[in-house]
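Q: My structure is below; once you've seen it, I'll send some questions.
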Amino acid sequence: MIIWALGIAGSVALLAISAGGRGLDLRMAYVHMAIAAFVSIFIALTAIREARALHAQNASRSEIAASSARFMGLVWTWGALALVVTYGSGILNWHEWWQFFLAFFVAAGLCLFFSATLKKDADIKKDDETMLKLGHYLAVFQLIGMTIVIAGLLLDGKMTRFSAPRPGWEDWAANNIFFFGAVALVAISLVALIGRARRPDGRPTGSTYGKSS
């Protein structure tokens, strides 16, 4: 977990530096986008790889759901920290940043709470159907919501606002965080939903994540 904390902290610092450098060189906006994309995709791929491993081990539904929820929480935490460092410090100006920060903070806490609760259930070899169902709804909500976010950002042309940011409304950096964070959440949510399609004995229904024994 320490490695994850250091990695997230380092990526947030790089995002802040590249956001601040946009005023001197337009290419720094592309660097910012690349960093956001790399971090989000890395978290998503790690979540998928861990899900594959858990399925191959015939892990319990609670353990698989806990893993997915933990990675969701990491994405929300990363987004919240990136917003507060970029806008709370005054590197860029955008009056509405704090509202999104609060939403990200709450979402991160919710996902990590689910992860911790489900992990405890997994440790005692128990599947709490109520918690699993709530986790399922959480994944469905995120999948639908984040898909809408991705479509909205693309259709509204917000992913190119870095080329001509408005004074006091420099949301282009936040849009990078929103977009690529949403991409990661869509991928992780799909993993979580697929993980729900399991037989009563806890084994995968197919070979989506790898060979089942």
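No lab work stands behind these numbers, since they all come straight from the coordinates. Treat the numbers as computed from the prediction; the structure is a model and nothing was measured. Here the Cβ positions follow ideal geometry from the backbone for every residue, glycine too, while neighbour counts run over all protein chains shown.
Q: When ranked by the protection proxy of mean other Cβ atoms within 10 Å per residue, highest first, what sequence do the peptides 8-20, 74-86, 149-161 form?
A: 74-86, 8-20, 149-161
Q: Same structure, new question: Would you pull out the residues with amide H under 5 Å of residue 169's amide H, same chain only if 5 or more places away, H placed 1.01 Å from N?
A: Residues meeting the criterion, in which the H sits 1.01 Å from N, do not exist here.
Q: Next up: Pairs of alpha-carbon atoms within less than 8 angstrom and 6+ residues apart define the contacts here; what relative contact order does the chain have, in percent?
A: 31 percent
Q: Tell me, 137, 30 in order of fewest to most beta-carbon neighbours within 10 Å?
A: Sorted ascending by nearby Cβ count, the order is 137, 30.
Q: Test of understanding: express the Cα radius of gyration of the range 69-164 as a ratio to 2.2 N^0.38 Å, with N the residue count.
A: It is 1.33.
Q: Using the membrane-span-like helix rule (whole DSSP H runs, Cα extent along the own axis of at least 27 Å, mean Kyte-Doolittle hydropathy at least 1.0), which helices of the chain qualify?
A: Within the chain the helices that satisfy the rule are 2-21, 27-56, 129-155, 172-196.
Q: Related question: Taking every alpha carbon pair in the chain, what does the distance histogram look like in 5 angstrom bins from 0, in percent?
A: The percentages, shortest bin first, are 1, 8, 15, 19, 18, 13, 10, 7, 5, 3, 1, 0.
Q: A follow-up question, please. Using unit Cβ charges (K, R positive; D, E negative) and no other charged atoms, how large, in debye to the nearest 20, is the dipole of the chain about its Cα centre?
A: The calculation lands at about 540 debye.
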